[in-house]
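First comes the structure, then the notes that go with it.
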Amino acid sequence: MTTRDVSIVQKILVGAVFLYFLSLAIPHVVRAEAAAFDLIGPRVEMKVSRAGKSLPIAEVANFLPGDRIWIHADFPESQSVRYLMIVAFLRGSTNPPPEEWFTRAETWNKKVRQEGIVVTVPQDAQQVLVFLAPETSGGFSTLRTAVRAVPGVFVRASQDLNQAGLYRSRLEKYLSEVRETSDTDPKELHERSVQMAKTLRIKIDQQCFDRPVEQQATCLTQNTDRLVLDDGHSQSVVSALTTGPSSELIGAISTTPMAGGGFYSAYVGAVVDLARLLGNIHSAEFQYIPALAMPKAEQLNLHLNNPPSFRNPKSVIVVGLPAVEAPQLPPLRNPNAEQVFCLQNPGLVLPVEGAPLVFSTDIAHDFVLSLQTKSGSEVELPAKADAIRGGFVVDTSHVKTADLDTQVVATLHGKWGFESFAGPSFHIRNAQRGDWTIPAADQGALIVGRDDTLHLQSICAVCAEKVMLKAQDGKELKLNWKANGTNEIEVHVPMKDSATGPVKILVQRFGETRADEMTLQAYSEAAKLDDFTISAGDKQGVLEGTRLDEVNGFELNGIHFAPAKLSRADRKDVLYLAAPETASTASFQPQQNLVARVALKDGRVLDLQTTVQPARPRVSLVSKSIQAGPNRSAIRLANQELLPQDGKISFFVKSELPERFSYKETIEVASEDESFRAMLSVGEGNLVMQDAETALASLEPLKSFGPSAFGALRFRAVSEDGRKGDWIPLATLVRLPGLKEIRCPDSPDKQCRLSGSNLFLLESVASDPQFTHNVPVPAGFADTSLNVPRPNGTLLYVKLRDEPGTGNMAVLPVLPEDR
């Protein structure tokens with residue numbers, strides 16, 4: 001290593017250490033200002049020619065050896081400082097470029113101002129940089145020497161400039177669309193910004209949508225340096241970053257919290273790299289400042305992060321151009337390969353993912369959707385990337401649908417720079433008239449007096465635009481519908497106020513002026529009888545089927561049953577039927593086959609084969625005993641039917657059917673809504689046989705149900721084979737608050753203070769059993785003390801929230817008020 005090389009390395013290390021201490025002093029600059037690039041710099045016009053074709057720089061993805069690059073620095077007539085433009089080609093971090101790879105142009109020269117310059121990409125070149133340097137004697141030589149001395153720094157700068165520019169393009173696209181939506185249609189901001197964030201790989205703060213609509217756009221566009229997420233395609237567009245001693249030192253510094261470690265988005269990381277790299281190689285004559293190139297058509301609009309200096313060290317603007325490499329084609333993919341799309345849909349959007357740059361730059365251009373006609377030729381439809389809609393909007397206005405089959409596989413084609421490429425494929429439906437079918441199960445689905453669901457099937461179901469019902473009087477009603485899979489739509493048909501007879505279903509397809517028409521019959525629902533279940537000895541049975549609301553009466557073996565309750569489950573009607581209390585069902589025998597006669601409201605009578613099921617178990621309540629819990633309560637429950645939650649209930653049951661208890665028979669205890677339940681059995685020890693006919697059942701509610709159970713409890717017998725008897729009332733479960741004491745002031749006209757725990761379990765407190773003078777306890781009361789009327793001696797009267805209909809006495813010590 002020569003003395004000069006050692007000096008250069010020393011400058012790099014000293015500069016890096018200086019940046020480190022500078023970041024300690026002003027960390028906010030590193031974290032926030034590094035990503036600003038809010039100074040507008042000069043404009044550079046550029047076109048690239050390859051194989052006889054020319055593209056504006058905005059559409060160029062990469063350079064290849066032999067490409068001809070036209071460059072024109074667009075300085076104003078009033079430009080007072082002369083800029084030297086230098087185009088430099090590099091060939092990697094370890095191979096300094098030859099001197100002839102540097103081209104200088106005096107931007108103030110008349111010919112250069114009028115015509116620009118043309119440079120040709122040399123063989124073996126890998127990177128391209130453009131320098132704009134204030135005119136200085138020997139400036140070209142100085143700059144060329146600096147680049148050739150440390151090519152790795154400028155290779156890295158070229159890569160980071162490209163990377164940052166690509167990231168910035170996504171950010172600018174997102175911010176522009178958010179601001180435009182906020183101005184034109186703020187109600188759509190939530191949906192559109194979420195879709196754009198997904199498409200462009202932008203991180204958004206979901207809490208912004210909790211704010212008022214007028215504040216959401218401002219929130220979504222804050223902290224823009226942290227919005228951009230890393231993207232695999234952006235990474236592949238530029239080469240891998242170089243390594244070396246200086247980059248290792250810079251990497252070590254960047255991980256420290258004060259230098260911004262932990263704050264970087266992918267975009268900020270690239271920008272901070274640039275600031276450090278170019279800051280390390282300044283000299284007494286020149287300092288280097290990066291410029292983000294934001295291309296639009298032929299113009300490179302340069303954005304600067306630092307104001308240029310025109311005194312020593314003068315500022316050299318560094319502009320990165322696309323790399324000299326093979327094109328990195330965008331990895332577009334169809335997120336749902338099974339989804340189908342309608343060709344006639346005027347708003348046809350084909351969703352894609354995998355390459356945000358397709359939506360944020362013009363590098364991807366000239367897209368078409370290619371379809372094959374019946375004759376085998378290709379037809380191409382214009383397609384345009386739309387970040388808000390998350391895919392490609394296809395113009396189908398001029399397609400000749402008659403030339404296409406009903407089912408078509410279409411492929412997206414486009415250009416990435418100069419390179420043509422094929423994107424993902426999509427399943428397309430070309431709508432045909434009159435191909436709708438109705439499943440057999442839905443042929444009689446329209447029943448007047450209720451809302452119905454109808455399924456319509458077609459290979460082109462995706463092309464349905466709207467569905468209408470046309471009644472017999474000619475009136476049309478727009479129907480609600482939704483896609484149900486690929487080839488079916490599900491239609492909600494309100495028939496509550498309709499009449500029986502023929503009705504028409506109209507389906508309007510995209511692009512059609514005349515609707516497809518289907519005629520169906522609307523019926524008054526006639527019952528379809530599936531099964532009737534009744535057990536020996538019962539006076540209630542269950543009829544299952546469809547349209548059971550038409551059942552008017554039911555007769556079985558001479559006993560008449562009346563409809564009691566109708567419900568619907570699993571696409572079937574369930575009708576509960578009951579015989580009069582005075583009727584005797586003793587004639588029903590297990591496994592007896594009978595014929596039921598079912599009378600409908602329209603006068604028809606249907607027969608139904610029925611088999612009597614074995615009798616359900618039946619028990620009776622002999623006696624019961626309620627014991628208070630271990631925690632002695634000040635409340636004396638006035639109703640013997642009230643069971644304290646921490647108490648215990650024991651009750652004797654007698655088996656009536658069968659006459660003798662089975663050791664495997666159980667007693668089920670549950671709340672009215674059956675949300676709390678417990679099974680008592682001989683095996684568990686909470687069901688003890690007294691003899692063959694009676695048993696003692698025991699239940700501790702707190703252990704079995706937990707602290708939240710309350711309300712009416714009931715029990716029933718459950719046979720060994722799972723048949724369940726009728727419910728029998730048992731007790732009312734109540735939760736008791738813990739009452740501690742009452743403290744009263746000397747003045748008799750002032751209220752006292754009741755203290756305790758879980759006072760929210762009280763509904764009201766009174767000083768007399770009639771509750772003439774009472775204090776209600778508000779819902780959600782969380783305090784441990786409560787103002788109450790002055791007690792009658794040591795007595796208060798309370799109503800519990802779990803059983804507010806009963807007044808209970810509470811005996812508590814009455815103490816003087818604390819002073």
Considering all alpha-carbon pairs of the stretch 755-814, what whole percent are spaced by more than 17 angstrom? 30
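Could you list the chymotrypsin sites (Phe, Trp or Tyr not before Pro) in the stretch 306-368 that lie in coil according to DSSP, counting only those with at most 12 other Cβ atoms within 10 Å of their Cβ? List each step's numbers first, then the result.
Working: sites: PHE310, PHE341, PHE359, PHE367; in loops: PHE310.
Hits after loop and neighbour filter: PHE310.
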Using the Karplus curve 6.51 cos²θ - 1.76 cosθ + 1.60 with θ = phi - 60°, work out ³J(HN,Hα) for each residue of the stretch 109-114 in order, rounded to whole Hz, and write x for Gly and Pro. 5, 4, 5, 5, 5, 7
What are the semi-axes of the equivalent ellipsoid of the stretch 661-781, taken as the square roots of 5 times the eigenvalues of the Cα gyration tensor, listed largest first and rounded to whole Å? 43, 14, 13
Going residue by residue through the stretch 690-700, the Karplus relation 6.51 cos²θ - 1.76 cosθ + 1.60 with θ = phi - 60° gives ³J(HN,Hα) values, rounded to whole Hz and with x marking Gly or Pro, of 7, 7, 5, 10, 10, 8, 9, 9, 10, 9, 10
Inter-probe distance in nm under a simple model that places probes 7 Å from Cα toward Cβ, at SER49 and LYS750: 10.3
Find the percent of Cα-Cα distances in the stretch 342-457 that exceed 21 Å, and round it to a whole number. 50
Taking only the alpha-carbon atoms of the stretch 119-196, what semi-axes of the equivalent ellipsoid follow from 5 times the gyration tensor eigenvalues under a square root, in whole Å, largest first? 42, 15, 10
Protection-proxy order for peptides 176-185, 789-798, each taking the mean of Cβ atoms within 10 Å per residue, highest first: 789-798, 176-185
Set of lysines near LYS496 by C-alpha distance (under 29 Å), chain-local residues within fewer than 8 positions excluded: LYS466, LYS470, LYS475, LYS478, LYS482, LYS504, LYS528, LYS565, LYS572, LYS601
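Please quote Rg/Rh for the stretch 477-540 to two decimal places, taking the Kirkwood radius as Rh and restricting both calculations to Cα atoms. Don't jump to the answer; show the numbers that get you there.
Working: Rg = 19.1 Å, Rh = 15.8 Å.
We get a ratio of 1.21 for the stretch 477-540.
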log₁₀ of I(q)/I(0) at q = 0.21, 0.26 Å⁻¹ - the stretch 608-654, Debye sum with one point per alpha carbon: -0.81, -1.00
Using the Kirkwood radius over Cα pairs of the stretch 372-530, the Stokes-Einstein translational diffusion coefficient at 20 °C and 1.002 mPa s, in µm²/s and rounded to a whole number, is 117
So what's the convex hull volume per residue for the Cα atoms of the stretch 566-711, in Å³? 205
May I ask you to order 488-498, 108-118, 751-761 by the average number of other C-beta atoms within 10 Å around their residues, highest value first? 751-761, 488-498, 108-118
At q = 0.15, 0.16 Å⁻¹, what log₁₀ I(q)/I(0) does the stretch 710-819 have when each alpha carbon counts as one equal point scatterer in the Debye sum? -0.65, -0.71
Note down the nm distance, to one decimal, between modelled labels 7 Å out along Cα→Cβ at LEU815 and at ASP366. 9.4
How would you rank 499-508, 287-296, highest first, on the average number of other Cβ atoms within 10 Å across their residues? 287-296, 499-508
Rounded to the nearest 0.05, what FRET efficiency do SER425 and SER377 give with R0 = 22 Å and r taken as the Cβ-Cβ distance? Could you check? 0.75
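Rounded to the nearest 0.05, what FRET efficiency do PHE652 and TYR523 give with R0 = 45 Å and r taken as the Cβ-Cβ distance? Could you check?
The formula returns an efficiency of 0.25 here.
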15 Å beta-carbon shell around LEU643, net charge (K/R +1, D/E -1): 0
Mind computing the radius of gyration and Dmax over the alpha-carbon atoms of the stretch 695-747? Å is fine for both. 18.7, 69
Net lengthening on full extension, GLU191/SER708 (0.36 nm per residue, minus Cα-Cα): 182.0 nm
Can you pull the Rg over Rh of the stretch 446-588, Cα-only, Kirkwood? 1.16
Rounded to the nearest whole number, the Stokes-Einstein translational diffusion coefficient of the stretch 569-634 at 25 °C and 0.890 mPa s (Kirkwood radius, C-alpha pairs) in µm²/s is 142
Convex hull over the alpha-carbon atoms of the stretch 416-490: what's its volume per residue in Å³? 151
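Each value in this text was obtained by applying a stated rule to the coordinates, not by laboratory testing. Only a predicted model underlies this, so the values are computations on that prediction, with no experimental measurement involved. Backbone-built Cβ (ideal geometry, glycine too); neighbour counts: all protein chains shown.
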